[in-house]
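Everything on this sheet refers to the single structure shown next.
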Amino acid sequence: MRNTFKLIIRSLVRKPMTTTINLLGLSVSLALVLILSAYSFSEFSTDKFHQNHENIFIIQPGKGWLYTPAILKPVIDNSLEGVEKLIRVRDKWKAPVYQFGQNNPLESDLIFADSDFFEVFDYKALEGDLKTALSEPMSLVISEKLARRLFGEKPALGKTVKLDDKHLLTVSAVFKDQALNSIFSFNSITNIETVKKVQPNPSDFTHWNYNNYQTFLQLNNHVNKTEIAKNIVKLFPESNRERLSQLKLVELSKIYFANRDQHISYLKFGNKQNVIYLALVAMLVLIVALVNFINITASHWHDKIKQTGVMKVIGAWRPTIIVQMLLETFLLFTFALFLGYCFVFLSSTYLARKTEIVFSPELFMSPGFLLISISLVTLLSILCGIVPALRIAYSATLINLKKKVTLKTQKSFGKGIMVSLQFVVTIVLILFTILVQKQVDYGNNNIGINQESIIGVPLTKQMVGKKDVLKESLLAKANVEEVVFTQYYPGKMNSGWSSTFQINGEEIRAVFRTFSADAGFFDIMGLELTEGRFYHDHLETDKYKVVVNHQFLKEFGITEPIGFVLPQYRRPDYEIVGVVKDFHFKSVNEPIAPLVIRNDDIQSSVALVRLKTENFKALKITYENIRGLTAELSPSFPVNVTFFDQAVEAMYQSEIKFRRAFTMFSICAIVISCMGILAMSLFATRQRIKEIGIRKVNGAKVYEILAMLNKDFIKWVVIAFVIACPIAYYAMNKWLENFAYKTTLSWWIFALAGVLALGIALLTVSFQSYKAAIRNPVEALRYE
Amino acid sequence: MIHLKNIDKYYDSKFQRTFVLKGINFEVNQGEFVSVMGPSGSGKSTMLNIIGLLDQPSAGELFIFDEPVFNLKEKRKIEYHRNFMGFIFQAYHLIEEMTVYENIETPLIYKGVKSKERKPMVANLLDHFNMVAKKDLFPQQLSGGQQQLVGVARAIVGKPKLLLADEPTGNLHSSQGEMIMDVLKGLNEEGMTIIQVTHNEKFAQYGKRIIRLEDGLIREDLPVQN
């Protein structure tokens, strides 16, 4: 046995080139498979670490809608059997600012929840007792991270912090930062009663139309969730029930993938499709590496055949030979797995930072995971090794000695299929990489608003009252051209309002997005007017005039918009004076919603500052100036001044990260298949050395030899291209269906991918062919 | 010891049958040293392969120690290879990943000889062939003659009764060839039965008997005269 290992290692070392290609390809692809399986595992097991996760549900009143009224709790608690616990949760409307003593104030996040939150959801306490920590109003439970930001290494328990320069909250517990695969993501939580002080609203707890909360239910084991859902609908007042026909309870572990368009600050959602696409690419990389492996070892075994013959002649038994060959494959795979693990650990922090691929490294060390990966490797090595091993071992000894065993993969036809398969994968991945980039560019170029040279200054509580001062001092700075106030900023949620009106005798309840803006907003953003006029913010008569987008007209069937009245509940009615061309005020990946832009100065939350310059240095100086000014005006609330275009980009963080991961994986696949093709061309030329020699002796020129050697590979690329195009076309169309606004599949994508694949193939192959072609024929012939 | 009876070997193509061997009859007794000679394509190697159980005759019978060996099962064949015969090849056919020592040792491992017993057996042979200093080298590091010496050592380490040599000197300089032939002659004098195929008239004379083949027929079968 020890001898066998020694022999295997010697034979691997004797062929450094092929062994390296094999090992590198296998280990990189195994690393990707490991990473992706860990990632998918953690994505698909979201929130399963809560002990009761199977019995916890969220109420989803309608499709893509998770808001419920607070008054639901007392009603359900009183009259519904089977609900063990009910937790209402909401986030704070504006990000909270905490200040401890005289330290710098800092911005964080805050949610309000019923006091038994920690009895339903499992968190680990670092300080204090979570079970009782939320029982008092104005008590605050914070995350390990926030505790460190606020108090450094000192204990946090019992300390008092000031919220928004006004309310005093006492830290009653600190929880350990939660597992990565949870929908919850918050740093501080307080009793729901605190809402009444921090965000007072008399109707919030009493009115059925104030849907500001998410409601989580813990049911007991025996009840039927559809039954419960039906009963919940019955508890609503009659007038609300109609809209709740879709109400259902969603299991905790399923919320993550079911709500990807939701924007609730303390909940994070996943994109199942992206996970699946990445997993698919990882599988493709594995296939490419396995094809490499089969091709290379097949050529390798060509040399082994003779040796096997000798071993048989001196008395080796067939099973011995088979076992030795399988062992060699297995050893290589195991080593590759080990290297793969190393790659995973080396790259995990980079991946977590640059892409969305986050997983816990402990998962890899769990016995289950190790067992699965080792059995997978065993299975793969047997699959790849068994056919040639059997063929070689069972062929006649004499034929072995004369090196005449033909393996299927050694016939040029079979090899062609393998190489073509690799090229199919490569071409499909190149196509997808181009497409993903094209889609992103498409989105960025078609937002429909100006993004350059604009700075956004969020208005904190201390600045809202000083808007005039702010505007004046901003305009006094160099390079500042214009300042407008608005409620709109990329990445910020827009309010949803509704209005009921008559169209053609039919009553329509229109739900739309809305924000306020100064008249200057239209100019700064470069919005295009298609009908009517913009309102003027200095005219008292224009106070309730609004501008709507095109989608608003389309969705509600309004044909004569100018002068159209939108009745409002307990507010003066609005009148449409103008219509603007549609622009993406939310992510370009979402359909454009009906929008109303109001002339409502009080609501403004951001100052948009247009700069005169595009010079980078000047921009930077102005940016610093503005920051200095805002820090002066708002000492207790940090102001996060940002460039508009960066805020737009931040909206696409997840897309950017997905694209990065996808591109990275694709490049791995392409490089690995290139290495495979390099190895194939190496063997192809080596097998034809004699032929090349004879042809040269008979007068063939170098370029003729080159053409002869490259012809096969070009043929394979062309075949692969023909196969890859329809597959990719179908898959690309499927992928584009995810986007509301999509780029087109133009012919040049395919042409470019084809040319690239051909270029890659020619480059790798020609290197070998040229070396073979310029060889001295005498040397080549003597070699045989 | 070995008896070939009416051995034919032919290949059928569409319209004709090509004979490689036709009606071969001869006997080899224990202790003989037979040289088989003949031009290229006369069937020498095929005959040797048939005797070595590497190839099947198309017709006729082969007896080893009066036991018919025809259509043997794999297991029985291996028994013969392990215990009864050793092979030497023109191209040496050493295993390149193994050192000299390991190459010689391998047949013993297959035979199931225990590690303790293997060591002295291999050491003896190395000593005998003056190769002790080279035991840890790989075949590529040796000259052709030395490689063939290892080939001979590997063939005889299992103490076979019959040694089959297919042009053992074909790739060697004449001086190295002579050395190998001296070794074979020595082995024969110690009692080993040897059948060698050769082109070289001079090396054929090392044997005790020369069989000349031509077009698959035995033309001449004469003892060597000194």
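The values are calculated or read from the model by the stated rules, or taken from the named source; none is laboratory data. What you see is a predicted model, and the numbers here were worked out from it, not measured in a lab. Neighbour counts are summed over all protein chains in view; Cβ atoms, including those assigned to glycine, are modelled from backbone coordinates with ideal geometry.
Given B:Gly52, B:Gly43, B:Gly60, which one is in contact with a Gly (Cβ under 6 Å, 6 or more places away or on another chain), closer than 17 Å to B:Lys5 by Cα, surrounded by 15 or more Cβ atoms within 10 Å (Cβ to Cβ) and not aliphatic (A, V, I, L, M)?
None of the other options fit; the residue is B:Gly43.
Sort out which residues of the stretch B:83-94 are crowded, with 21+ Cβ neighbours inside 10 Å and out of contact with any strand residue (DSSP E or B) (no Cβ under 6 Å at 6 or more places or on another chain), and write them in order of number.
At the first step, the residues of the stretch B:83-94 found to be crowded, with 21+ Cβ neighbours inside 10 Å are B:85-89, B:92-94.
Passing the criteria: B:Tyr92, B:His93, B:Leu94.
So which helices (runs of 4 or more DSSP H) stay within the stretch A:1-98 end to end and still have 3 or more residues that are away from chain B (no Cβ under 14 Å) and surrounded by 22 or more Cβ atoms within 10 Å (Cβ to Cβ)?
Here the list reads A:16-44.
Scan the stretch A:309-329 for residues that are part of a helix (DSSP H, G or I), facing another protein chain (nearest Cβ under 10 Å) and surrounded by 21 or more Cβ atoms within 10 Å (Cβ to Cβ) and report the count. Give the derivation first.
Step one: list which residues in the stretch A:309-329 are part of a helix (DSSP H, G or I), which gives A:309-313, A:318-329.
After this cut, where a residue has to be facing another protein chain (nearest Cβ under 10 Å) as well, the list is A:309-313, A:318, A:320.
Still in the list and also surrounded by 21 or more Cβ atoms within 10 Å (Cβ to Cβ): A:309-313.
Qualifying residue count, the stretch A:309-329: 5.
Evaluate the following for A:Thr764: is it touching a residue at least 40 places away in the same chain (Cβ under 8 Å) and touching a Cys at 6+ places or on another chain (Cβ under 6 Å)?
Answer is yes for this residue.
Since B:Val36 meets every condition but one in (1) more than 25 Å from B:Lys185 (Cβ to Cβ); (2) assigned by TED's automatic domain parsing to the domain that holds B:Glu189; (3) among the β-branched types (Val, Ile, Thr), which condition does it not meet?
With respect to (1) more than 25 Å from B:Lys185 (Cβ to Cβ); (2) assigned by TED's automatic domain parsing to the domain that holds B:Glu189; (3) among the β-branched types (Val, Ile, Thr), B:Val36 is out only on (1).
Quick check on my filter: what residues within the stretch A:484-496 are at pLDDT below 85 and not aliphatic (A, V, I, L, M)?
Correct list: A:Gly491, A:Lys492, A:Asn494, A:Ser495, A:Gly496.
Anything in the stretch B:137-152 that is surrounded by fewer than 21 Cβ atoms within 10 Å (Cβ to Cβ) and out of contact with any Asp or Glu (no Cβ under 9 Å at 6 or more places or on another chain)? List them, or say none.
Across the stretch B:137-152, the qualifying residues are B:Leu137, B:Gln141, B:Leu142, B:Ser143, B:Gly144, B:Gly145, B:Gln146.
For the stretch A:355-376, how many residues are more than 24 Å from A:Lys268 (Cβ to Cβ) and either among the hydrophobic types (A, V, I, L, M, F, W, C) or surrounded by 13 or more Cβ atoms within 10 Å (Cβ to Cβ) (or both)?
Count: 8.
Can you find even one residue in the stretch B:132-148 that is closer than 30 Å to B:Tyr10 by Cβ and of a type in the set (Lys, Arg)?
For the stretch B:132-148, residues closer than 30 Å to B:Tyr10 by Cβ and of a type in the set (Lys, Arg): absent.
Between A:Lys696, A:Lys715, which is touching a Pro at 6+ places or on another chain (Cβ under 7 Å) and either among the charged types (D, E, K, R) or over 30 Å from A:Ala95 (Cβ atoms) (or both)?
Working: A:Lys715 fails: touching a Pro at 6+ places or on another chain (Cβ under 7 Å).
That would be A:Lys696, the only listed residue that is touching a Pro at 6+ places or on another chain (Cβ under 7 Å) and either among the charged types (D, E, K, R) or over 30 Å from A:Ala95 (Cβ atoms) (or both).
Could you pull out every one of the helices (runs of 4 or more DSSP H) wholly within the stretch B:89-193 that has 2 or more residues that are within 25 Å of A:Ser11 (Cα to Cα) and in contact (Cβ under 8 Å) with a residue 40 or more places away in the chain? Let's see the steps before the verdict.
Values: elements: B:100-111, B:115-128, B:144-156, B:174-189.
Correct list: B:100-111, B:144-156.
Among the residues of the stretch A:377-394, how many are within 12 Å of chain B (Cβ to nearest Cβ) and either in contact with a strand residue (DSSP E or B) (Cβ under 7 Å, 6 or more places away or on another chain) or surrounded by fewer than 21 Cβ atoms within 10 Å (Cβ to Cβ) (or both)? First the steps, then the outcome.
Applying the first criterion (within 12 Å of chain B (Cβ to nearest Cβ)) to the stretch A:377-394 yields A:393-394.
Filter once more, keeping what is either in contact with a strand residue (DSSP E or B) (Cβ under 7 Å, 6 or more places away or on another chain) or surrounded by fewer than 21 Cβ atoms within 10 Å (Cβ to Cβ) (or both): A:394.
Qualifying residue count for the region: 1.
Here are some conditions: (1) of a type outside the set (Phe, Trp, Tyr); (2) surrounded by fewer than 17 Cβ atoms within 10 Å (Cβ to Cβ); (3) within 10 Å of another protein chain (Cβ to nearest Cβ). B:Lys119 meets all but one. Which one does it not meet?
(3)
Residues in the stretch A:694-736 that are modelled with pLDDT of 85 or more and among the acidic types (Asp, Glu): how many?
The total comes to 1.
Yes/no matrix, rows are residues, columns are (1) in contact with a Leu (Cβ under 6 Å, 6 or more places away or on another chain); (2) hydrophobic (A, V, I, L, M, F, W, C):
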residue: B:Glu32; (1), (2): no, no
residue: B:Ser35; (1), (2): no, no
residue: B:Gly52; (1), (2): yes, no
residue: B:Asp55; (1), (2): yes, no
residue: B:Ala59; (1), (2): no, yes
residue: B:Leu62; (1), (2): yes, yes
residue: B:Glu67; (1), (2): no, no
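Tally up the residues in the stretch B:50-88 that are free of Cβ contacts under 8 Å to residues at least 60 places away in the same chain, of a type in the set (S, T, N, Q) and within 14 Å of another protein chain (Cβ to nearest Cβ), please. I'd like the intermediate steps shown before the answer.
So the first thing to find is which residues in the stretch B:50-88 are free of Cβ contacts under 8 Å to residues at least 60 places away in the same chain, and the list is B:50, B:53-61, B:67-81.
Filter once more, keeping what is of a type in the set (S, T, N, Q): B:56, B:58, B:71.
From the residues that got through so far, the ones that are within 14 Å of another protein chain (Cβ to nearest Cβ) too are B:56, B:71.
Number satisfying all stated conditions: 2.
Restricted to the stretch A:330-354, and to residues that are among the aromatic types (Phe, Trp, Tyr) and surrounded by fewer than 23 Cβ atoms within 10 Å (Cβ to Cβ), which residue is farthest from the other protein chains (Cβ to nearest Cβ)?
A:Tyr350
Inspect all residues belonging to the stretch B:143-155 and state whether any of them is within 12 Å of chain A (Cβ to nearest Cβ) and of a type in the set (Lys, Arg).
Yes, the stretch B:143-155 contains a residue that is within 12 Å of chain A (Cβ to nearest Cβ) and of a type in the set (Lys, Arg).
For the stretch A:297-307, give me the residue count where each residue is within 13 Å of chain B (Cβ to nearest Cβ) and in contact with a Leu (Cβ under 9 Å, 6 or more places away or on another chain). Outline the logic, then answer.
Going residue by residue through the stretch A:297-307, those that are within 13 Å of chain B (Cβ to nearest Cβ) are A:300, A:303-307.
When the remaining residues are screened for being in contact with a Leu (Cβ under 9 Å, 6 or more places away or on another chain), the result is A:305-306.
Total satisfying the criteria: 2.
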